[in-house]
Ligand SMILES: Cc1cc2nc3c(=O)[nH]c(=O)nc-3n(C[C@H](O)[C@H](O)[C@H](O)COP(=O)(O)OP(=O)(O)OC[C@H]3O[C@@H](n4cnc5c(N)ncnc54)[C@H](O)[C@@H]3O)c2cc1C
């Protein structure tokens, strides 16, 4: 029996905690807010699962194609192949997915999927239903749940992780530490991510000396309302189209797949057209009709109505916003990282599944698969992840220095400006100088601890974006518009001096 500390209570952390508990380990689950806070409960579209055997191969192919040359096919096989079991485990816990009249699981379509394989719940409330089922199961288990417990750092002794230090200084010892802290959308001024998504786990891993990679690969979602509320891709999958200020369906001029082209293509096209015309692009779902919109997308429908908008009659303005971090702590699908005893799962991990552009609805799937696989890795002993062939050597990241007073709002606005839609060397260089000038905030309360993490992450992300002198997937360099095949290697970053 091992003592396991899981940090984070989204789909990945809750799944890992439940699995470890079921297999007889002593589990503590730390989460910095309440159990259901995080991206998981906000997920709308669904979970991509290849329910028919032969579809696993096509799901892998779609994942690889969307990832623009950076997907690790081994990770894609493991995650796509693990989908049916992970889904069955959620159904067993009581997650109620939508079904057709014959009782089989209803499946929707999202961008860059070649077939309908998106399983959903409550129409567009998939994440809320998954979170509900997992939280209820954890509450009914013997997992020790600690809410409002902010994990500050990984404790490292003799080259391995041995626990977690909380903000108040308490050390929670562990044989295995599982980081499941989610994404880092709060790094950018426009995001769909909840307030807890401040990249804490990635910053903790960097400080602990673990490898992180691909931080420059930040996925934008193309259809976000001006208030940051997401309008799921499943809406376009159901037939909604994007129009410019003249009413023209412009995406077909950009890509033959139109609105269902990969996210990076659609997000860039939306941003460019809005910039050219000086007016927002609109999502036109009027052809779907009021009844279908309310039945299939009740959460979005209710939100729009609260804003006084009737999308069955009138197109609604949308804009791109930061949505998903493809990069993170370098990890295997089993969560193993470069630091023995430390595992990373879910959005904070970089398994290579998403490459340079995540395929829609693959992230809930990844968290559910990894949450279960990590427990097997823990039982296998605290071994480090084997280095991946061809990966670059770790680069240093400066975690201290600077004297200027830090403000989160300024950081977020700077990061959106230089990392948002397109990047250039002069803008990134200026941003790097500004970031170096800020003094890292002393972590005295949750807000300042998050600020310190955001600053570390911003420095590493800008450096990673400077080093990738090509355009690939979510990473678009206006000064390097072509993809350079020689850069199809992940960049690994490491803490300074480690
Ligand atoms: C609006 C929206 C819609 C989405 N729709 C979909 C979709 O339809 N399909 C899909 O596959 N994906 C979707 N995604 C992405 C997906 O929801 C996330 O990638 C996934 O839920 C991440 O799960 P996770 O368990 O890694 O992290 P999260 O669910 O984000 O949970 C992270 C947890 O870590 C905790 N935490 C963070 N830092 C600390 C700390 N220092 N100490 C203690 N606890 C900490 C947080 O409080 C939280 O409990 C969507 C995301 C958003 C924002």
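The numbers here are math on the coordinates, done by the rules we state, and not lab data. In this text, all values refer to a predicted model and were calculated from it rather than measured experimentally. Neighbour counts run over all protein chains shown; Cβ positions are idealised from the backbone, glycine included.
Points to keep in mind about this one:
- Relative contact order of the chain: 21 percent, from C-alpha pairs under 8 Å at least 6 residues apart in sequence.
- Note on the stretch 291-405: Kirkwood radius taken over Cα pairs, Stokes-Einstein applied at 20 °C and 1.002 mPa s, translational D equal to 120 µm² s⁻¹.
- Mean Cβ neighbour count within 10 Å, used as a protection proxy, ranking 189-198, 362-371 highest first: 362-371, 189-198
- Computed [θ] at 222 nm, deg cm²/dmol, the chain (DSSP H ≥ 4; -39,500 (n - 2.57); rounded to nearest 500): -10500 deg cm²/dmol
- With N counted as the residues of the stretch 332-482, its alpha-carbon radius of gyration over 2.2 N^0.38 Å works out to 1.19.
- Per-pair calculated FRET efficiency, R0 = 25 Å: residue 437 and residue 147 via Cβ, rounded to 0.05: 0.10
- Panel order for 391, 416, 311, by other beta carbons found within 10 Å of each beta carbon, from fewest to most: 391, 416, 311.
- Alpha carbon Rg of the stretch 354-425, scaled by the compact-globule rule 2.2 N^0.38 Å: 1.67
- Cβ crowding within 10 Å, taken as a proxy for footprinting-reagent exposure, orders 447, 32 from fewest neighbours to most as 447, 32.
- Fraction of beta bridges assigned by DSSP in the chain that are antiparallel (%, nearest 5): 60
- Annotation for the stretch 58-127 versus the stretch 168-216: alpha-carbon center distance of 25 Å.
- Residues 30, 187 arranged by fewest to most Cβ contacts within 10 Å: 30, 187
- Inverse of mean 1/r across different Cα pairs in the stretch 195-254, Kirkwood, Å: 15.2
- D (Stokes-Einstein, µm²/s), Kirkwood Cα radius, the stretch 1-99, 1.567 mPa s at 4 °C: 84
- Between residue 395 and residue 307, the modelled label-to-label distance comes to 3.7 nm, taking each label 7 Å out from Cα in the direction of the beta carbon.
- Relative contact order for the stretch 223-320: 35 percent, from Cα pairs under 8 Å spaced at least 6 residues apart, divided by residue count.
- Sorting the segments 419-427, 261-269, 280-288 by their mean number of nearby beta carbons within 10 angstrom, highest to lowest, gives 261-269, 280-288, 419-427.
- Sequence-distant contacts, meaning Cα pairs under 8 Å at least 6 residues apart, place the relative contact order of the stretch 390-495 at 41 percent.
- Mean shadow area of the chain over all directions, Cα convex hull, nm²: 21.8
- Cα-based Rg and Dmax for the stretch 223-320, where Dmax is the largest Cα-Cα distance (Å): 12.5, 36
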